[in-house]
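I have placed the structure first, in the form of structure tokens, so that the comments after it can refer back to it.
The values are calculated or read from the model by the stated rules, or taken from the named source; none is laboratory data. Just so we're clear, the structure is a prediction, and the values are computed from it rather than from any experiment. For neighbour counting, all protein chains shown are included, and Cβ atoms are generated from backbone atoms with ideal geometry for every residue, glycine included. All accessible areas refer to the heavy atoms of the entire protein, side chains included, with ligands and DNA or RNA removed. Shrake-Rupley method; radii C 1.70, N 1.55, O 1.52, S 1.80 Å.
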Amino acid sequence: LQPYTVHPSDKFETLIDSFRRRNSKNSGNSSGGSYLFILDGEKLNPFSTCIDEDLEGGEMIDVTFKETVSASQSAENVSKRNFGSLEDITPISIQTIRNKCKTRPKKFKLRKCDTLDTLRKEYIAYYRSKGCRKVRFYLRHKLLEKCNDSLESLGLIDMDKLDAIENDRAF
């Protein structure tokens with residue numbers, strides 16, 4: 001875990017360049033592979049900013065190192081893997097309206113195969129400092145109760161808006 005601090009208006013390319021420089025010196029990964037930067041399940045756009053991505057502080061960017069392999073090694077590895085449907089890992093954004101407030105909805109980036117419980121955990125982690133301990137989600141005024149069902153099976157689509165009611169408040 002390597003903490004970095006960026007200004008809200010700085011482009012992520014500054015952070016990415018800094019990370020690459022630091023890690024190529026420390027681990028010798030200057031060739032033979034590439035880094036992939038992922039924010040909320042999506043590839044990070046190096047030309048976007050914290051403001052563009054609605055980041056408020058403390059968020060984590062996942063970094064993976066992808067080794068370059070020969071074509072014969074790659075074909076062999078692909079044939080041994082069992083890939084799920086690409087449709088299942090398609091990213092979707094779910095917007096939450098906190099306690100029926102008229103403020104701008106908070107957007108959470110998830111995958112269709114994620115569960116409602118995944119959204120619940122991310123929501124509580126995000127709003128914990130503001131007193132959130134429990135949350136219930138409503139879609140079109142109907143309570144979503146099946147925590148372990150995928151977002152897709154619950155009928156959620158990209159950019160759906162959910163009402164998020166915290167700490168046993170009435171809807």
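A 1.4 Å probe over all protein chains sorts Thr14, Thr115, Thr96 by accessible area into Thr14, Thr115, Thr96, starting with the largest. Summarising the label geometry, the points placed 7 Å from Cα in the beta-carbon direction at Asn167 and Leu139 lie 2.8 nm from one another.
Of Met159, Met60, the order by accessible heavy-atom surface (1.4 Å probe, DNA, RNA and ligands excluded), from most exposed downward, is Met60, Met159.
For Ile92, the residues 5 or more places off, or on other chains, whose built amide H falls under 5 Å of its own are Leu110, Arg111, Lys112. Backbone geometry of segment 42-53 corresponds, through the Karplus equation with coefficients 6.51, -1.76 and 1.60 at θ = phi - 60°, to 3J(HN,Hα) couplings of 10, 4, 6, 7, x, 9, 8, 10, 4, 5, 4, 8 Hz, x marking Gly and Pro.
Carbon and sulfur together cover what percent of the accessible area of segment 98-155 at a 1.4 Å probe radius? C and S atoms contribute 48 percent here.
Once backbone amide H atoms are built at 1.01 Å from N, Lys106 has Thr96, Arg98 as its partners under 5 Å, excluding neighbours fewer than 5 places away on the same chain.
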